[in-house]
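One structure is given below, encoded as structure tokens.
Bear in mind that the values in this text are calculations on the coordinates, not laboratory data. Here the structure is a predicted model, which means the values were calculated and not measured. Every residue, glycine among them, receives a Cβ derived from its backbone with ideal geometry; neighbour counts consider all protein chains shown.
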Amino acid sequence: MMTALFERISLQARQYPQLEAVVTTQATLSYAELQQRVELLSAGFKQLNLRHLALWGVNSIDWIVVDLAAQKAGMTVIPVPLFFTAAQVRHLLSDSQTELLCTLDESFSAPEWLLNLAQDMSRDEISITGQLHARFFQLEQAVQYSSSLQTQQPAKITYTSGSTGTPKGVCLVEDTIESITHSLSQALASSQLGRHLCLIPFATLLENIAGIYVELSMGRAVIVGEVSQFGLVSNHTFDTQRFVNAVQSYQIESVILLPQMLKAIVEYSAEHGATGFKTLKFIAVGGGKVSADLLKQCQQLNLPVYEGYGLSECASVVSLNLPGARRIGSVGRVLPHVEVEIAANSEVVVKGNAMQGYVNDQAATPYIHTGDAGYFDEEGYLYITGRIKQMIISSFGRNISPE
């Protein structure tokens, strides 16, 4: 389990029990209430003596509680991307050796095909104590550990978003996740940010770590809900007015955006002005390349945009621009939990805080070859100039193979 994160949540619960932790349109959960729910559900998970839990659901209080409780119980959590097809979900469940599938139904019922798939693969639907709107299916498979597996059980397996081919599961251990959580927390500590809006689905590792773990470890509040109400209507559609309404209603100070979202916000601001975003202090953007022209427009509009760079194999963020340390066109300086080298062919190679390996391919290596080309300037800012490997990353953060 992620000891440091749970200790931070416990500390907040003791010192500031009424401090808001998670806020939705229907409810607010304090740090004391969050800890209580996590402890209760974790106890229920421990009684099952199962190791791998797959989690399907929209962003919600329950998603956060299940994720934290399962890891506290020593389980591996496998988030299920909502855009995965039935075939991809079946592969994920089989490939990850999922023993328990959780579908959350708080405000967005699981599709019929998913429930049919769960019932087809399960031997039983079980009940677990906890204040949840959820269904749990115990699947007909047991976890088999081959000699190639590392001795440390993964805390999380995150699946790639490939639109063609078979998704691959990236295995991340507790130390790797806690290292990036601590590194980002330290980098953002001086910014003194308030409420964070979770606009990207939690099955996306970046929001899961930077939007939940980092915020909760720092005693901040996260605003959650089905992302369409905040503007992300689909994988290809962003409603800027909904986003403006959410920022104003909840007095949002930080958010993570994908490039196409940022483009829509700039276009909106050019027409209506940027006053609707005046509470925002930190807009992190990643998941794809952002043009220097777009970033210059953000600067002219006084939008506090900070581009970063990362990949799932390194538990998300590798480098990030920060207040007082920003270069337009760069992806910032490398964070202290990793090292980056530029290979002879200009490939960006990351060392440290690497994944344990892919599911069924656990060849551990301290180096992650990103497939991205880049360079450092004289002040240590990293620039990404293109791809070495033939892979297209869409403006909504999806990896698309041209083959």
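If we count every other residue with Cβ under 11 angstrom of Gly194's Cβ, Lys/Arg +1 and Asp/Glu -1, where does the sum land? Could the numbers behind the result be given before it?
Details: positive: Arg195, Arg220, Lys281; negative: Glu20, Glu215, Glu253.
With Lys, Arg at +1 and Asp, Glu at -1, the neighbours total 0.
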* Structure fact -> In nm, the gap between the two label points placed 7 Å beyond Cα toward Cβ at Arg242 and Asp361 is 3.5 nm
* To do: For segment 199-204, take each phi angle, set θ = phi - 60°, evaluate the Karplus expression 6.51 cos²θ - 1.76 cosθ + 1.60, and give the result in whole Hz per residue in order, putting x for glycine and proline.
  => 9, 9, x, 5, 5, 7
* Based on Cβ point charges of +1 for Lys and Arg and -1 for Asp and Glu, what charge dipole magnitude is obtained for the chain about its Cα centre, in debye rounded to the nearest 20? -> 480 debye
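What's the ranking of 174-186, 75-87 by average number of surrounding C-beta atoms within 10 Å, highest first? Could the numbers behind the result be given before it?
Values: 174-186: 20.5, 75-87: 18.7.
Descending packing order for the listed peptides: 174-186, 75-87.
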* To do: Evaluate 2.2 N^0.38 Å with N set to the residue count of segment 182-265, then give the Cα radius of gyration divided by it.
  => 1.05
* Fewest Cβ neighbours within 10 Å first, please rank Leu320, Leu100 accordingly. => Leu100, Leu320
* What is the extension gain from Asn116 to Gln36, computed as 0.36 nm multiplied by their sequence separation minus the C-alpha to C-alpha distance, in nm to one decimal? -> 25.5 nm
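Could you work out how much longer the chain between Lys296 and Lys281 gets when fully extended? Use 0.36 nm per residue separation minus the Cα distance between them, nm to one decimal.
Working: separation 15, 0.36 × 15 = 5.40 nm, distance 1.70 nm.
Stretched out fully, the Lys296 to Lys281 stretch lengthens by 3.7 nm.
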* Structure fact -> A chain fully extended from His272 to Phe376 at 0.36 nm per residue, minus the present Cα-Cα distance, gains in nm 33.7 nm
* Structure fact -> Karplus-derived 3J(HN,Hα) from phi for segment 282-296 (6.51 cos²θ - 1.76 cosθ + 1.60, θ = phi - 60°), whole Hz, x at Gly and Pro, runs 8, 10, 8, 10, x, x, x, 6, 10, 5, 4, 4, 5, 5, 5
* To do: Determine, for each peptide in 50-60, 191-201, 367-377, the mean count of other beta carbons within 10 angstrom over its residues, then list the peptides with the highest first.
  => 50-60, 191-201, 367-377
* Sequence-distant residues sharing a close amide H with Lys156 (under 5 Å, placed H) -> Val77, Leu172
* Asked: Between Leu262, Thr103, Thr204, whose Cα lies farthest towards the positive end of the dipole of the chain when Lys and Arg beta carbons carry +1 and Asp and Glu beta carbons carry -1, centred on the Cα centre?
  -> Leu262
* Using the alpha carbon gyration tensor of segment 175-400, what are the three equivalent-ellipsoid semi-axes (square root of 5 times each eigenvalue), largest first, in whole Å? -> 28, 19, 17
* Asked: Quick one: putting +1 on the C-beta of Lys and Arg, -1 on the C-beta of Asp and Glu, what dipole do you get for segment 31-142 around its Cα centre, in Debye to the nearest 20?
  -> 260 debye
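Kindly provide the helix-only [θ] at 222 nm of the chain, computed as the sum of -39,500 (n - 2.57) over DSSP H runs of four or more divided by all residues, to the nearest 500 deg cm²/dmol?
Working: 10 runs with 116 residues, N = 403.
After summing the helix terms and dividing by the residues of the chain, the value is -9000 deg cm²/dmol.
To the nearest whole percent, what portion of all C-alpha pairs in segment 243-296 is separated by more than 15 angstrom?
In whole percent, the share of Cα-Cα pairs in segment 243-296 beyond 15 Å is 47.
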* Structure fact -> Of the candidate values (1) 18.7; (2) 26.9; (3) 20.3, the one computed for mean projected area of the Cα convex hull in nm² from this structure is (1)
* Asked: If R0 is 30 Å, what FRET efficiency do you get for Gln15 and Lys46 from their C-beta distance, rounded to 0.05?
  -> 0.65
* Structure fact -> For the table Lys263/Lys351; Lys168/Lys289; Lys156/Lys263; Lys168/Lys351, the rows whose alpha-carbon distance is greater than 25 Å are Lys263/Lys351; Lys156/Lys263
* From phi via Karplus (6.51, -1.76, 1.60), per-residue ³J(HN,Hα) for segment 319-325 in Hz, x at Gly/Pro -> 9, 7, 6, 9, x, x, 8
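For segment 31-142, state the semi-axes of the equivalent ellipsoid (square roots of 5 times the eigenvalues of the alpha-carbon gyration tensor), sorted largest first and rounded to whole angstrom. Before the final figure, lay out each step's value.
Details: eigenvalues 92, 49, 28 Å².
Taking √(5λ) for each Cα gyration eigenvalue gives 21, 16, 12 Å.
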* In nm, to one decimal, how far is the Ser127 label point from the Val233 one, both placed 7 Å along Cα→Cβ? -> 4.2 nm
